[in-house]
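Since the structure comes first, as structure tokens, the remarks are kept for the end.
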Amino acid sequence: MRVLLAALLIFCAAAPARAADIEIAFTDDQVAVDTGFAGVRLTLFGAVTGVEAPAATTDIVSVIEGPAATFKIRRMEKSNLIWTPGRARLIENAPGLFHIYATRAVDDIAPLPMQAAYRLEADLLGFTVNQSLSENSGANQETEETTRFRRAFLTQAQALGLYRARAAGVEYKKGALFTIDVDLPANTPVGDYAVSVFLFRDGELLGSDTASLTVNKVGVERRIFELAHNRPVSYGVFCVALSLFAGWIAAFAFRK
């Protein structure tokens, strides 16, 4: 009997503990955009399993990343007494929208190498700034000039609400259940979004989960959008014809 009891104790001690995990889902994973679209609030809800008292012992970081896009940014240049826009720089392979929601500041949750590996900060995104002809440092080396443009882009994207980091953006409801209120601005770009949620404890990744979100134009706006992207020549001809027709109507009305 003692041998059997000892064997059971050894087996229980050797049995692996239940692994921590996290699961998420959206209340609505389809967002319709029309002419009256002024932004929308979605709720991302989830649950933590395998952890006792998760609200007190773990941290959550959620990353919402929009489709890759190309932005233009210009630096104002002074010529005598006049300020004029300078040559445009292209910001390439940057997310059209990048939102971070976390239980607290990301720097207090995960070390820098892990932030870079999972793209947990806008400063760590791998977008590129095209260089001018005067910058001869090589394509793979970022110059002081391109660094300034990178910082200016991030500042402008934050001002437009496209890039955002919100500490204390995760709310535990009851036990292991939590919700995240996701606010999409009126200028949210259309496309497919990648949503990732990470579960941390003491700087260690315990688990993660992903979800998808689609933002689409609807109605007449969708038809115009598809025409402009799928048949740009036809779209250009249509715009010219519409302008001529509008001008003819205006001239006719003024003659009356």
**Q.** Scan of the stretch 180-191 for residues that are out of contact with any Leu (no Cβ under 7 Å at 6 or more places or on another chain) and of a type in the set (V, I, T), ordered by number
**A.** V190
Q: May I ask you to list the residues in the stretch 108-117 that are surrounded by fewer than 16 Cβ atoms within 10 Å (Cβ to Cβ) and in a helix (DSSP H, G or I)?
A: D108, L112, P113, A116, A117
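Conditions tested, residue by residue: (1) modelled with pLDDT under 50; (2) assigned to a strand (DSSP E or B); (3) hydrophobic (A, V, I, L, M, F, W, C).
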{"residue": "L4", "(1), (2), (3)": "yes, no, yes"}
{"residue": "L9", "(1), (2), (3)": "yes, no, yes"}
{"residue": "C12", "(1), (2), (3)": "yes, no, yes"}
{"residue": "I22", "(1), (2), (3)": "no, yes, yes"}
{"residue": "A25", "(1), (2), (3)": "no, yes, yes"}
{"residue": "D28", "(1), (2), (3)": "no, no, no"}
{"residue": "A38", "(1), (2), (3)": "no, no, yes"}
{"residue": "V51", "(1), (2), (3)": "no, no, yes"}
Q) When the stretch 164-193 is examined, which residues are found to be polar (S, T, N, Q) and either part of a strand (DSSP E or B) or within 12 Å of F45 (Cα to Cα) (or both)? A) T179
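Here is a yes/no grid of residues against (1) under 25 Å from the mean Cα position of the chain (by Cα); (2) at pLDDT 95 or above:
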position: F45; (1), (2): yes, no
position: A69; (1), (2): yes, no
position: P85; (1), (2): no, no
position: Y101; (1), (2): yes, yes
Q: Among the residues of the stretch 52-105, write down those that are touching a residue at least 40 places away in the same chain (Cβ under 8 Å), loosely packed, with under 13 Cβ neighbours inside 10 Å and either of a type in the set (D, E, K, R) or not assigned by TED's automatic domain parsing to the domain that holds A157 (or both).
A: R87
(Q) Against the conditions (1) part of a strand (DSSP E or B); (2) among the small types (G, A, S); (3) at pLDDT below 95, where does S196 fall short? Just the number, please. (A) (3)
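What's the total number of residues in the stretch 144-178 that are among the hydroxyl-bearing types (S, T, Y) and surrounded by fewer than 15 Cβ atoms within 10 Å (Cβ to Cβ)?
To start, the set of residues in the stretch 144-178 that are among the hydroxyl-bearing types (S, T, Y) comprises 146-147, 155, 163, 172.
When the remaining residues are screened for being surrounded by fewer than 15 Cβ atoms within 10 Å (Cβ to Cβ), the result is 147, 155.
Summing the residues that are among the hydroxyl-bearing types (S, T, Y) and surrounded by fewer than 15 Cβ atoms within 10 Å (Cβ to Cβ) in the stretch 144-178 gives 2.
The values are calculated or read from the model by the stated rules, or taken from the named source; none is laboratory data. Quick caveat, the model's predicted, so the values are computed rather than measured. Note that we place each Cβ from the backbone using ideal geometry, even for glycine, and neighbour counts take in every protein chain shown.
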